[in-house]
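Everything below concerns the one structure shown next.
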Amino acid sequence: METSIWKGPVDGRVRVSKFNLEGDRQSDLTVHGGADKAVYVYPSEHYTYWRIQLPDADLAWGAFGENFTTEGLLEGQVHIGDRLRIGSAEFIVTQPRLPCFKLGIRFGDMDMVRNFLKSKRSGFYLAVIREGHVTEDDPIYRDDQQAKGLTVADIVNLHTGESNNQDLLRRAIELPALPDNWKVHFRDRLKDKP
């Protein structure tokens, strides 16, 4: 089985293309990658939690398969549709990560998939709006924040069923940046389907 989940820090300038980063590709394009999941972001703040939960695991940056390990971009504060600029590249937040079995393989524990989703520490995917280059020291600018939209955490809560808020489901299916497969899933849960 092929997987690209093992990642680590990279020095220097890296090219960002529409579908991934130079030197990094998704192995199984049926569930990973594509325009809506070109780049995976994981907050560095979550590593503290995981170091407690997984005391014997090697948790260097990139351990969760992320392309960017960030600071200050948490799921409850980042909205679907927020636009970010890093280096000369521009991105839009599209969706949370739903872990697959390969996360369990990465950590040698198939319960990791369930525990990851239960933790609400999903990270999120970016689509590339403008190709460019990034380096590890580039600041992240939030150019367009969808403050009245739904956060990544809202989408996770809707997906896991912890929220069946019909108003939030309706708002989710109206989000231009949220991929269609999410909208179909949420539309199916509406009591009064449009």
Item to check | Listed residue (44, 155, 141) projecting farthest to the positive dipole end of the chain, Cβ model | outcome: 155
Checklist entry - From the cross-link list 18/191; 18/148; 102/148, which pairs have alpha carbons spaced over 31 Å apart? => result 18/191; 102/148
Checklist entry - So who's got an amide H within less than 5 Å of the one on residue 73, skipping anything under 5 residues away but keeping other chains? H placed 1.01 Å off N, in plane. => result none
Checklist outcome for this item: Exposed GluC sites (Glu not before Pro) being those in a DSSP loop with at most 15 other Cβ atoms within 10 Å, the longest stretch of the chain free of them is 72-130
Next on the checklist: Using amide H atoms built in the peptide plane, which far-off residues or other-chain residues are under 5 Å from residue 89 H to H?
Outcome noted: 133
Item to check | Spacing of the two label points (7 Å from each Cα toward its C-beta) at residue 135 and residue 163, in nm | outcome: 3.9 nm
Checklist entry - With charges set only on the Cβ (+1 for Lys and Arg, -1 for Asp and Glu), what does the dipole of the chain come to about its Cα centre, in debye to the nearest 20? => result 620 debye
Item to check | Backbone N within segment 110-133 under 18 Å of label point (7 Å from residue 13 Cα along the Cβ vector) | outcome: 130-133
Checklist entry - What nm value, rounded to one decimal, do you get for the distance between residue 111 and residue 183 when each label is placed 7 Å out toward the C-beta? => result 3.9 nm
Checklist outcome for this item: Taking alpha-carbon centroids only, segment 61-94 lies from segment 121-144 a number of Å equal to 5 Å
Next on the checklist: So, R0 is 22 Å and r is the distance between the beta-carbons of residue 148 and residue 22; what FRET efficiency does that work out to, to 0.05?
Outcome noted: 0.05
Checklist outcome for this item: Gyration tensor on Cα atoms of segment 14-148, a ≥ b ≥ c root eigenvalues, a/c under 1.5 rounded, else prolate if a/b beats b/c, else oblate, says prolate
Checklist entry - If you rank 15, 97 by fewest surrounding Cβ atoms within 10 Å, what's the result? => result 15, 97
Item to check | Which of 80, 86, 129 has the fewest Cβ neighbours within 10 Å, and the rest in rising order | outcome: 129, 86, 80
Checklist entry - What order do you get for 151, 70, 94 when you list them from fewest to most C-beta neighbours inside 10 Å? => result 70, 151, 94
Checklist entry - Gaussian network model of the chain, Cα springs within a sub-10 Å range: biggest mean-square fluctuation belongs to which of 41, 14, 184? => result 184
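No value in this document is a laboratory result; all are computed from the given coordinates. Note that the structure is a prediction, hence the values are computed from the model and not measured. Cβ: placed from backbone, ideal geometry, glycine included. Neighbour counts: every protein chain shown.
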